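Inspection log for the structure reproduced underneath, given as structure tokens.
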Amino acid sequence: MTGTTRLDRVITHGTFSIDGEDFEVDNNIWIVGDDDECLVIDAAHEAAPIVEGVAGRQVVAIVCTHGHNDHINAAVELADAVGAPIVIHADDRMLWNVVYPDRPPDGEIADGDRFAAGGVELVALHTPGHSPGGVSLHDAAHTRVFSGDTLFKGGPGATGRSFSDRPTIVRSIRARLFTLPPDTVVHTGHGDDTRIADELVDLDD
């Protein structure tokens with residue numbers, strides 16, 4: 001029997017690199033589960049603060065919302081530290097390989113996959129556009145979704161870079177996120193939370 005479910009956020013700072021440019025960013029790492037076991041959503045920049053956030057719990061999996069370096073660059077060090085597998089959508093494997101050319105992920109995420117730990121179940125929603133293999137993780141029981149870089153407070157994630165596409169991200173948001181209950185809390189990959197109701201706008205492709 002699991003204890004009370006909990007949600008912890010760790011914020012790390014580092015560099016996002018793409019198309020020959022570097023950007024300083026703060027990333028949200030979400031740790032969901034209970035006092036005994038958890039899932040880590042994204043592993044950004046530094047493993048040590050995430051290990052501290054895990055606080056000795058069993059990590060069932062490190063789930064990557066997408067393959068941009070700022071969301072995975074602490075994943076292998078974290079996996080080694082806590083003994084957990086890393087999973088990512090196959091369509092972002094080329095981004096993973098830039099960071100880890102000699103270390104494949106431990107598994108692939110497919111649309112509809114379920115990840116459970118400590119009384120929390122997350123369902124993977126394939127939401128491409130920011131990257132081809134972008135996923136959001138829906139926790140229906142707790143009326144929340146972990147959107148990675150697909151949806152932020154104020155609109156869609158960035159496009160216009162390699163492997164990103166504005167019409168694709170708009171379709172993903174409309175079909176997969178705007179169809180969730182309006183009171184669903186959106187826990188984002190960067191910045192503040194929002195709600196689906198507050199983001200329900202007429203997006204232009």
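The values are calculated or read from the model by the stated rules, or taken from the named source; none is laboratory data. Note that this is a predicted model, so its numbers are computed, not measured. Methodologically, a virtual Cβ is constructed for each residue, glycine included, from the backbone with ideal geometry; neighbour enumeration extends over all protein chains shown. Note: accessible area is taken over every heavy atom of the protein model, side chains too, but ligands, DNA and RNA are not part of it. Shrake-Rupley method; radii C 1.70, N 1.55, O 1.52, S 1.80 Å.
Suppose we filter Val25, Val87, Val10 for residues that are outside any loop (DSSP other than H, G, I, E, B), closer than 19 Å to Pro132 by Cα and either among the aliphatic types (A, V, I, L, M) or touching a Gly at 6+ places or on another chain (Cβ under 8 Å) (or both); which single one remains?
Just one listed residue meets the conditions, Val87.
Hey, can you tell me all the residues within region 42-74 that are in contact with an Asp or Glu (Cβ under 8 Å, 6 or more places away or on another chain), assigned to a helix (DSSP H, G or I) and under 19 Å from His187 (Cβ atoms)?
Gly53, His71, Ile72, listed by residue number.
Restricting to region 133-174, name every residue that is closer than 20 Å to Asn28 by Cβ, open to solvent by less than 30 Å² (accessible area, probe 1.4 Å) and part of a helix (DSSP H, G or I).
Selection gives Ile169, Ser172, Ile173.
Testing Arg176 on (1) in contact (Cβ under 8 Å) with a residue 12 or more places away in the chain; (2) among the basic types (Lys, Arg); (3) closer than 28 Å to Glu52 by Cβ; (4) out of contact with any helix residue (DSSP H, G or I) (no Cβ under 8 Å at 6 or more places or on another chain), one condition comes back false. Which one is that?
(3)
Out of Gly112, Gly191, Gly129, report the one residue that is part of a loop (DSSP other than H, G, I, E, B), closer than 20 Å to Ile29 by Cα and open to solvent by less than 50 Å² (accessible area, probe 1.4 Å).
Of the residues listed, the single one that is part of a loop (DSSP other than H, G, I, E, B), closer than 20 Å to Ile29 by Cα and open to solvent by less than 50 Å² (accessible area, probe 1.4 Å) is Gly191.
Take the residues in region 68-109 that are surrounded by 18 or more Cβ atoms within 10 Å (Cβ to Cβ) and charged (D, E, K, R); name whichever of them is nearest to Gly53 (Cα to Cα).
Of everything passing the filter in region 68-109, Asp70 is nearest to Gly53 (Cα to Cα).
May I ask you to say which residue of Val51, Val32, Val99 is free of Cβ contacts under 8 Å to residues at least 60 places away in the same chain and either closer than 27 Å to Pro132 by Cβ or of a type in the set (Asp, Glu) (or both)?
On the way: Val51 fails: either closer than 27 Å to Pro132 by Cβ or of a type in the set (Asp, Glu) (or both); Val32 fails: free of Cβ contacts under 8 Å to residues at least 60 places away in the same chain.
Val99 is the lone residue from the list that is free of Cβ contacts under 8 Å to residues at least 60 places away in the same chain and either closer than 27 Å to Pro132 by Cβ or of a type in the set (Asp, Glu) (or both).
Looking at Asp139 and the list (1) in contact with a Phe, Trp or Tyr (Cβ under 7 Å, 6 or more places away or on another chain); (2) touching a residue at least 60 places away in the same chain (Cβ under 8 Å), which single condition is not satisfied?
The number of the failed condition is (1).
Go through the residues of region 27-40 one by one and say whether even a single one is open to solvent by 10 Å² or more (accessible area, probe 1.4 Å), closer than 17 Å to His13 by Cα, modelled with pLDDT of 95 or more and aliphatic (A, V, I, L, M).
No, region 27-40 contains no residue that is open to solvent by 10 Å² or more (accessible area, probe 1.4 Å), closer than 17 Å to His13 by Cα, modelled with pLDDT of 95 or more and aliphatic (A, V, I, L, M).
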